[in-house]
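The values are calculated or read from the model by the stated rules, or taken from the named source; none is laboratory data. The shown structure was predicted, so the numbers you read here are calculated from the model rather than taken from an experiment. Here the Cβ is made from the backbone with ideal geometry for all residues, glycine too, and neighbour counts use every protein chain on show.
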DNA sequence: TTAATTTAGGACAAAAGAGTCTTAAATATA
DNA sequence: TATATTTAAGACTCTTTTGTCCTAAATTAA
Ligand code: SF4
Ligand code: SF4
């Protein structure tokens, strides 16, 4: 997988939070139910995002998590970087440790070009962009088969 | 990692074989020593490439492995596809199973564009291209630190 | 024919990723 | 204060990936 499972779950949950940015804290249990992600696993991932400063959390009744910044200001680069690190944006294709621009491997130049496309995509896409796609075009964040079995729960 | 370890090792070994395409069968032990890859692990990977038809193998003294086709005709897409499958070329970024063009997620369009860049790079790069880079520009296939400790073994 | 070389194949172990579960701490409300 | 709600933290299990090791089969050469 290009992104780890944790990262994908973290991204989906972040978009969900962006879609509900008008509300107060949102309990992780609600996110996990709506997005069909294991509650405990998602909790761990969101704890990480909280530690990295992307989310704020609040314990107790009416508690939950919320985005620290408006969805427009949160680029998905930050979400990915917080969970998976920046290897996908800066790493190499042949994975030769210790190489650099002075002694690049045969794929360095062409790979760097493509890698920058990936980087740019993640740098220029915000949670608001993704949330807008979901709202405007009636898109979805959960598996289509799960949608079919419970269409009322569409997010 | 974008590509699995197995895939990276398989690619490096393939480029090594391209660099020695004029020779007969090359023992896996030689490849593993020159490229500092575990012999037994590399053997497994090259067995897979042999099963997929990218290499031919021959047992016994003077045996080893060799490319089935001239390096110019082997695109690295095929090597990656043989080892890691085509997920990197066809897979999605949010990993929602069961989605499609009819019901794309918010990142589908932009991601498809970037993904095609990756695909094109791997479709248009041959083992000969990589081997040429190694020969012409004095590049390398092994970790630079390993080079420093044994510069005579440079490949 | 015997010994040496080399790939084939599969069992096994270690490490990392993914996921589950339990307990503790914080908070709100009755 | 007591109880319910909710995140925090860490132990634990399961699966996949990565890597090691041993034996079998094919081939060459003495
Ligand atoms: S030279 Fe570039 S592509 Fe090649 S191994 Fe190094 S960072 Fe990766
Ligand atoms: S719509 Fe496209 S990018 Fe989105 S989950 Fe499906 S394949 Fe992936």
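Restricting to region A:91-112, and then to whatever is under 21 Å from residue A:3 (Cβ atoms) and modelled with pLDDT of 80 or more, can you tell me which residue is nearest to ligand 1 (Cβ to nearest atom)? So that I can check it myself, show each step before the final result.
Pass one, region A:91-112, residues under 21 Å from residue A:3 (Cβ atoms): A:91-95, A:111-112.
This time we only want the ones that are modelled with pLDDT of 80 or more, so: A:91-94, A:111-112.
On the way: A:91: 7, A:92: 2, A:93: 5, A:94: 4, A:111: 5, A:112: 7 Å.
Only one residue fits best here, namely A:92.
Can you confirm whether residue B:32 is more than 14 Å from chain A (Cβ to nearest Cβ) and surrounded by 14 or more Cβ atoms within 10 Å (Cβ to Cβ)?
yes
Considering only residues that are at the interface with chain B (Cβ under 7 Å from one of its Cβ atoms) and in contact (Cβ under 8 Å) with a residue 12 or more places away in the chain, which ones fall in region A:112-124?
So in region A:112-124, the residues at the interface with chain B (Cβ under 7 Å from one of its Cβ atoms) come out as A:114, A:117-118, A:121.
Passing the criteria: only A:118.
Given the residues A:49, A:3, A:94, which is the only one that is within 30 Å of residue B:16 (Cα to Cα), more than 16 Å from ligand 2 (Cβ to nearest atom) and either surrounded by 22 or more Cβ atoms within 10 Å (Cβ to Cβ) or within 14 Å of another protein chain (Cβ to nearest Cβ) (or both)?
Numbers: A:49 fails: within 30 Å of residue B:16 (Cα to Cα); A:3 fails: more than 16 Å from ligand 2 (Cβ to nearest atom).
Of the residues listed, the single one that is within 30 Å of residue B:16 (Cα to Cα), more than 16 Å from ligand 2 (Cβ to nearest atom) and either surrounded by 22 or more Cβ atoms within 10 Å (Cβ to Cβ) or within 14 Å of another protein chain (Cβ to nearest Cβ) (or both) is A:94.
Can you list the helices (runs of 4 or more DSSP H) found entirely within region B:19-133 that contain at least 3 residues being touching a strand residue (DSSP E or B) at 6+ places or on another chain (Cβ under 7 Å)?
Where helices (runs of 4 or more DSSP H) fall fully within region B:19-133 and carry at least 3 residues being touching a strand residue (DSSP E or B) at 6+ places or on another chain (Cβ under 7 Å), they are B:39-51.
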